[in-house]
Amino acid sequence: MGVATDSQFHVLAVDDSIIDRKLIERLLKTSSYQVTTVDSGSKALEFLGLNEDDEINSHQPCVSPNINQEVEVNLIITDYCMPGMTGYDLLKKVKKSSSLKDIPVVIMSSENVPSRISRCLEEGAEEFFLKPVRLSDVSKLKPHMMRTKFKDTNHKQKQQHQESDQEHCKQDQEHREQQNDLEIAEVEPQQQTNGSKRKSMEEETLTKQNKTQIQWWPYCRFD
């Protein structure tokens, strides 16, 4: 299994501030990560394929680059304070989703509020960065993505092994059924042959009995 390079990691960055979005995008690209930026938690859920109560306004998406929901997201980094859906709300929705819960989430904020930091970490955030985000902060992201990448790879390999085992079992079952059909095909003619032999023997026995009766009949006397 090859080691994942930084360029194989895809980060979804969420921030309503265009200045902060450009900053985090530049830092991530400097670290050779693939980056998609969106301006709200709702747009993030839309990109991830998890619509928010089907009320997403998809007519004017602010997404860069073009949305491709087939693209794997290895990490989400989101601002905490955003209108509509906060970064904390986005974190909770991601962690409650069975298909997204394993994606690492990192929170950013310009406010150093201990209770806010603790709440996000307790909800499942991997890191909590204070703005402005620095390159040294971005360097902390790779271990989280590596762990998830290997976990996903192991999961896919396990699925492949299970599918392979199921296919082998299916082939074995089909082979056994074919063997049973062949054995039945061989047994049926033998049974028919045995039945013919029994019938022939029975007819031969009846013939002998009839001959005996015919030979005995002239000697019978009726007084």
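Has the range 127-142 got any residue that is within 27 Å of residue 114 (Cβ to Cβ), among the acidic types (Asp, Glu), part of a helix (DSSP H, G or I) and modelled with pLDDT of 70 or more? Full working, then the answer.
First pass over the range 127-142, keeping only residues within 27 Å of residue 114 (Cβ to Cβ): 127-142.
With among the acidic types (Asp, Glu) added as a condition, the list becomes 127, 137.
Narrowing the set further to residues that are part of a helix (DSSP H, G or I) leaves 137.
Retained after the next criterion (residues that are modelled with pLDDT of 70 or more): 137.
Yes, some residue in the range 127-142 is within 27 Å of residue 114 (Cβ to Cβ), among the acidic types (Asp, Glu), part of a helix (DSSP H, G or I) and modelled with pLDDT of 70 or more.
Just checking, which of 39, 15, 20 is in contact with a Cys (Cβ under 9 Å, 6 or more places away or on another chain), modelled with pLDDT of 95 or more and closer than 18 Å to residue 80 by Cα?
It is 39.
Among the residues of the range 111-127, which ones are touching a residue at least 24 places away in the same chain (Cβ under 8 Å) and of a type in the set (Gly, Ala, Ser)?
Listed by number, the residues that qualify are 124, 125.
Go through the range 24-39 and give me each residue that's crowded, with 18+ Cβ neighbours inside 10 Å, over 14 Å from residue 94 (Cβ atoms) and of a type outside the set (D, E, K, R).
Once the filter is applied, which keeps residues that are crowded, with 18+ Cβ neighbours inside 10 Å, over 14 Å from residue 94 (Cβ atoms) and of a type outside the set (D, E, K, R), the range 24-39 yields 24, 27, 28, 33, 34, 35, 36, 37.
Filter the range 93-125 down to residues that are under 23 Å from the mean Cα position of the chain (by Cα) and more than 17 Å from residue 46 (Cβ to Cβ) and give me whichever is surrounded by the most Cβ atoms within 10 Å (Cβ to Cβ).
Only one residue tops the list, namely 104.
Report yes if some residue within the range 47-65 is outside any helix (DSSP H, G or I), surrounded by fewer than 19 Cβ atoms within 10 Å (Cβ to Cβ), at pLDDT 95 or above and not hydroxyl-bearing (Ser, Thr, Tyr); otherwise report no. So that I can check it myself, show each step before the final result.
If we filter the range 47-65 for residues that are outside any helix (DSSP H, G or I), which is where we start, we get 49-65.
Those left that are additionally surrounded by fewer than 19 Cβ atoms within 10 Å (Cβ to Cβ): 49-65.
Filter again for at pLDDT 95 or above, leaving none.
For the range 47-65, residues outside any helix (DSSP H, G or I), surrounded by fewer than 19 Cβ atoms within 10 Å (Cβ to Cβ), at pLDDT 95 or above and not hydroxyl-bearing (Ser, Thr, Tyr): absent.
Here is a check on your reading of the model: is residue 85 closer than 18 Å to residue 21 by Cβ, at pLDDT 95 or above and assigned to a loop (DSSP other than H, G, I, E, B)?
yes
Six or more apart or on different chains, Cβ under 8 Å: which pairs go from a residue in the range 80-99 that's over 16 Å from residue 129 (Cβ atoms) to one that's in a helix (DSSP H, G or I) and of a type in the set (Gly, Ala, Ser)? Could you list them?
84/41; 84/42; 85/41; 85/42; 89/41; 93/41
The values are calculated or read from the model by the stated rules, or taken from the named source; none is laboratory data. Bear in mind the structure is a predicted one, so any value in this text is a computation, not a measurement. Note that each Cβ is placed from the backbone with ideal geometry, even for glycine, and that neighbours are counted across all protein chains shown.
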